[in-house]
Amino acid sequence: METGIVFPVLPGKREALIAFAQKLMGERKAEYEQSQVSVHRESWYIQPTPHGELCIVHFEAVDPAAVFAGLATSQEPFDIWFREQVLDTTGVDLTQPPGGMPEQIFHWKRA
């Protein structure tokens, strides 16, 4: 199942968010891949808006809610580090319930 979720980018944290993403694609790639066993694909985008920047995360997983539930409670050192990075750059505490998963209201795919 595909899903998307949006996180605010805290003022002054754009470069820290980019550095975080670069670590996931570089020096911490193996750890990230090991922690994401139920995620098939994931992309992040930074979207400027009149209200500040947003980080748009699009990912595919069989059970997206389970991905967040597992990350919220994991005590694995990498997952703890990951949550700390998200909190630092977005202000979102992944140990707390997100208030529900996004509701898809439109999808189009060329046949």
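The values are calculated or read from the model by the stated rules, or taken from the named source; none is laboratory data. Values in this document were obtained by computation on a predicted structure and should not be read as measured data. Cβ sites come from the backbone with ideal geometry, for glycine too, and all protein chains shown count toward neighbours.
Residue check, F106 against (1) at pLDDT 95 or above; (2) exposed (fewer than 10 other Cβ atoms within 10 Å of the Cβ); (3) of a type outside the set (S, T, N, Q), all met but one. Which one? The single condition F106 does not satisfy is (1). If G100 passes every condition in (1) farther than 12 Å from I5 by Cα; (2) more than 12 Å from the chain's Cα centre (by Cα); (3) not in a helix (DSSP H, G or I); (4) not polar (S, T, N, Q) but one, which one does it miss? Every condition holds for G100 apart from (1). With the requirement that a residue be assigned to a loop (DSSP other than H, G, I, E, B) and under 23 Å from I18 (Cβ atoms), what does segment 68-97 give you? The answer is G91, V92, D93, L94. Go through the residues of segment 55-66 one by one and say whether even a single one is over 21 Å from E103 (Cβ atoms) and either in a helix (DSSP H, G or I) or of a type outside the set (V, I, T) (or both). Within segment 55-66, none of the residues are over 21 Å from E103 (Cβ atoms) and either in a helix (DSSP H, G or I) or of a type outside the set (V, I, T) (or both). Taken over segment 1-48, the criterion of being assigned to a loop (DSSP other than H, G, I, E, B), at pLDDT 95 or above, surrounded by 12 or more Cβ atoms within 10 Å (Cβ to Cβ) and not β-branched (V, I, T) is satisfied by L10, K13, R28. Just one of the numbered conditions (1) crowded, with 16+ Cβ neighbours inside 10 Å; (2) at pLDDT below 90 is not true of G99: (1). Take the conditions more than 22 Å from E2 (Cα to Cα) and out of contact with any helix residue (DSSP H, G or I) (no Cβ under 8 Å at 6 or more places or on another chain) and apply them to R41. Does it pass? Taking the combined requirement at face value, the residue does not satisfy it.
Can you find, within segment 62-94, the residue that is surrounded by the most Cβ atoms within 10 Å (Cβ to Cβ) among those that are among the hydroxyl-bearing types (S, T, Y) and within 13 Å of the chain's Cα centre (by Cα)? Per the stated criteria, the residue is T89. Restricted to segment 53-74, and to residues that are of a type in the set (V, I, T) and in contact with a Gly (Cβ under 8 Å, 6 or more places away or on another chain), which residue is nearest to G12 (Cα to Cα)? Checked segment 53-74; the qualifying residue nearest to G12 (Cα to Cα) is I56.
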